[in-house]
Amino acid sequence: MRFSQRVQSLPPYLFAGIERQIAERRAAGVDVISLGIGDPDLPTPSHIVEALAEAAADPATHQYPSNQGEPAFREAVAGFYFTRFGVELDPASEIVPLLGAKEGIAHVGLALLDQCDVALAADPGYPVYVTGPMLADGTAVSLPLVRELGFQPDLEAVEPSVLAKARMMFVSYPNNPTGAVIEDDFFARLVAFAAENDLVVVHDNAYADITYDGYVAPSFLETPGARDVGVEMFSLSKSYNMTGWRSGAMVGNRDLVDAYWRLKTNMDSGMFGAVQRASVAALSGPQHCVREMCEVYQRRRDLLVEVLRTVGMHVEPPKGTIYLWAPVPDGHTSASFTAQVLDQADVVITPGAAYGAGGEGYVRLSLTVPDERLREAVQRIEERVRI
Ligand code: MLT
């Protein structure tokens, strides 16, 4: 069989490879602890599960859903955005459901890029910021996140020749993988930069409510003018432990929302109606479960930071996301240190270079394993990993 150039040049998804490594070791009887993928271990809150069960029993949810989403779903997203961020969204024209934010990130390039057009991709960044544009026959060009700038990009440093071809850019705060958050006027500068250069901003807002130490993350859409230049990919996955449910929404610029809806009607048949109703329960129901979960992650974060420091790795506790972004010890690359931790401690961590060239020199550790497994992992790292 002959495959398209597109598929031939597509790397396997990062965590597909890691999943295989874990499966091989487990099949050989090794007790592997994975701090790899950011997949919450805590269950989805029960009121959301109950809403799903009830909705799944209703035959009205068994037929094709509307690709535009049930009005109740779009109104719940709008209500959430207003209560949480003070952002008013028109449910009829500024919201379209996504089968998880990943769907929108992977496919939005199909609405914006023609062959050889450029997407600026935060580097380090979620791998789909690179592979999504590839699917659209575009090109992702690295937008380096600068450590000294709090892992923000230096917008002034983007080459004019690249800017001339660039149509869109991907950024995300709270940031995967670095854990960086926005505490200054970056979003205002981003809006001005996008307007000046005729670029569409795609802000990946998957971690908005996973924050610590009293920090509250803004939505990109809070910034004046943001809606004119971009959209936000909103996700229920991390806030409500719903990674398996595939529920999210693209919100913001109505022209892009409309173009994306048109694309979607040709690609998929929408989100299961029962998942939409459960998402309404998540967004409109009690929110204390989200803060409680953040307290769990914050405790795990502090434990991990402390142990990493005792083994000689200086890590700043992040104010957001479920990840620690740690510089590797001297003499290591991100791949060699990851391999060493796996070989000596049977603990999976993710090499920073997998998030782009800008991730070299770092590893990412996820906080999404139960406390006792995290303690076991840190004990193994402390006792077995010789730096
Ligand atoms: C991550 O670990 O970066 C993400 O949760 C994985 C994903 O979204 O595929």
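Listed values, structure above:
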item: Members of the stretch 354-363 found to be of a type in the set (A, V, I, L, M) and under 17 Å from the mean Cα position of the chain (by Cα), listed by number; result: Ala354, Val363
item: Selection within the stretch 175-192 - away from the ligand (no atom under 16 Å from the Cβ) and closer than 27 Å to Arg364 by Cβ; result: Val181, Ile182, Glu183, Asp184, Phe186, Phe187, Arg189, Leu190
item: Subset of the stretch 79-93 (residues that are touching a residue at least 12 places away in the same chain (Cβ under 8 Å), of a type outside the set (Lys, Arg) and open to solvent by 10 Å² or more (accessible area, probe 1.4 Å)); result: Gly79, Phe80, Phe85, Gly86, Leu89, Asp90, Pro91, Ala92, Ser93
item: Boolean, Ala180 is touching a residue at least 40 places away in the same chain (Cβ under 8 Å), part of a strand (DSSP E or B), open to solvent by less than 40 Å² (accessible area, probe 1.4 Å) and of a type outside the set (Phe, Trp, Tyr); result: no
item: Residue check, Gln68 in contact (Cβ under 8 Å) with a residue 24 or more places away in the chain and open to solvent by 20 Å² or more (accessible area, probe 1.4 Å); result: yes
item: Any hit, the stretch 173-182, residues being under 21 Å from the mean Cα position of the chain (by Cα) and on the phi > 0 side of the Ramachandran plot; result: yes
item: Qualifying position, being on the phi < 0 side of the Ramachandran plot and in contact with a Ser or Thr (Cβ under 7 Å, 6 or more places away or on another chain), among Met271, Met313; result: Met271
item: Test set (1) open to solvent by 30 Å² or more (accessible area, probe 1.4 Å); (2) closer than 23 Å to Gly86 by Cβ; (3) in contact (Cβ under 8 Å) with a residue 60 or more places away in the chain - Ala282 fails condition number; result: (1)
item: Pairs with Cβ under 7 Å, 6+ apart, first in the stretch 227-240 and within 15 Å of Leu98 (Cβ to Cβ), second among the basic types (Lys, Arg) and open to solvent by less than 20 Å² (accessible area, probe 1.4 Å); result: none
item: Those residues of the stretch 111-138 which are away from the ligand (no atom under 16 Å from the Cβ) and buried (at least 19 other Cβ atoms within 10 Å of the Cβ), in sequence order; result: Ala111, Leu112, Leu113, Val118, Ala119, Leu120, Pro133, Met134, Ala136, Gly138
item: Residue match in the stretch 237-245 (condition: more than 13 Å from the chain's Cα centre (by Cα) and either open to solvent by 30 Å² or more (accessible area, probe 1.4 Å) or among the basic types (Lys, Arg) (or both)); result: yes
item: Counted residues, the stretch 196-214 - those being open to solvent by 20 Å² or more (accessible area, probe 1.4 Å) and over 17 Å from Glu232 (Cβ atoms); result: 5
item: Neighbours by Cβ (under 6 Å, 6+ apart or cross-chain): first from the stretch 37-51, closer than 17 Å to Asp371 by Cβ and of a type outside the set (D, E, K, R); second within 16 Å of the ligand (Cβ to nearest atom) and in a loop (DSSP other than H, G, I, E, B); result: Gly38/Ile322; Gly38/Thr368; Pro40/Asn241; Pro40/Thr368; Leu42/Asn241
item: In the stretch 1-54, the residues that are surrounded by fewer than 14 Cβ atoms within 10 Å (Cβ to Cβ), within 14 Å of the ligand (Cβ to nearest atom) and at pLDDT 95 or above; result: none
item: For Ala208: the one exception among (1) among the small types (Gly, Ala, Ser); (2) touching a strand residue (DSSP E or B) at 6+ places or on another chain (Cβ under 7 Å); (3) closer than 23 Å to Pro45 by Cα; result: (2)
item: In the stretch 292-322, the residues that are among the hydrophobic types (A, V, I, L, M, F, W, C), in contact with a Pro (Cβ under 8 Å, 6 or more places away or on another chain), assigned to a helix (DSSP H, G or I) and over 16 Å from Val49 (Cβ atoms); result: Val305
item: Failed criterion for Ala354 (all others in (1) more than 14 Å from the ligand (Cβ to nearest atom); (2) open to solvent by 20 Å² or more (accessible area, probe 1.4 Å) hold); result: (1)
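Yes/no per residue for (1) acidic (Asp, Glu); (2) over 25 Å from Ser235 (Cα atoms); (3) not assigned by TED's automatic domain parsing to the domain that holds Val128:
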{"site": "Leu14", "(1), (2), (3)": "no, no, yes"}
{"site": "Gly29", "(1), (2), (3)": "no, yes, yes"}
{"site": "Ile33", "(1), (2), (3)": "no, yes, yes"}
{"site": "Asp39", "(1), (2), (3)": "yes, no, yes"}
{"site": "Glu54", "(1), (2), (3)": "yes, no, no"}
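One line per residue, one yes/no per condition, for (1) open to solvent by 70 Å² or more (accessible area, probe 1.4 Å); (2) under 22 Å from Pro174 (Cα atoms):
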position	(1), (2)
Arg291	yes, yes
Tyr297	no, yes
Glu316	yes, yes
Ala326	no, yes
Ser336	no, no
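The values are calculated or read from the model by the stated rules, or taken from the named source; none is laboratory data. Since this is a predicted model, take the numbers as computed values, not measurements. Quick reminder, even Gly has a Cβ in these numbers, built from the backbone with ideal geometry, and neighbours come from all protein chains shown. With ligands, DNA and RNA removed, areas are computed over all heavy atoms of the protein, side chains included. Shrake-Rupley method; radii C 1.70, N 1.55, O 1.52, S 1.80 Å.
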